[in-house]
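Enquirer: I am attaching a structure below and will ask some questions about it afterwards.
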Amino acid sequence: MEGSEDGLAALGRIEGELGEVERALARLDEGSYGRCRVCDGPIPDPVLAADPTVTTCTAHGPTAGPVDGPVDEQLDGRPGGDPPA
Ligand SMILES: [Zn+2]
């Protein structure tokens, strides 16, 4: 069932992206689209063009450092510890 697991993983990722787009559309409706959720400042057009679902300005984006906690923890993707016999 490895193939279907890949399909489910892809589906989950797509559903996550769809949720982000739906939230972006909701912000568009309420007039807060394109504004930083931290400082309420305008998000530059090139940033929105690169990622239309972004919710923070360049000063508060994920690349500018953590806003509400560390998000850059390393995930070690090693499989189970049993070596093949
Ligand atoms: Zn900001």
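What follows is calculated from the coordinates using simple rules that are stated; it is not laboratory data. Remember, predicted model here, so these are calculated numbers, not experimental data. Please note: Cβ atoms are built from the backbone with ideal geometry, for glycine as well, and neighbour counts cover all protein chains shown.
Enquirer: Sort Arg13, Arg37 so that the residue with the fewest other Cβ atoms within 10 Å of its own Cβ comes first and the one with the most comes last. Kindly include the intermediate steps, with their values, before the conclusion.
Expert: Details: Arg13 10, Arg37 14.
Least crowded to most crowded, the residues run Arg13, Arg37.
Enquirer: Report, by chain and number, residues whose modeled amide H sits under 5 Å from the one on Val38, excluding near sequence neighbours (fewer than 5 apart, same chain).
Expert: Amide H to amide H, under 5 Å and 5 or more residues apart or across chains, Val38 pairs with Cys57.
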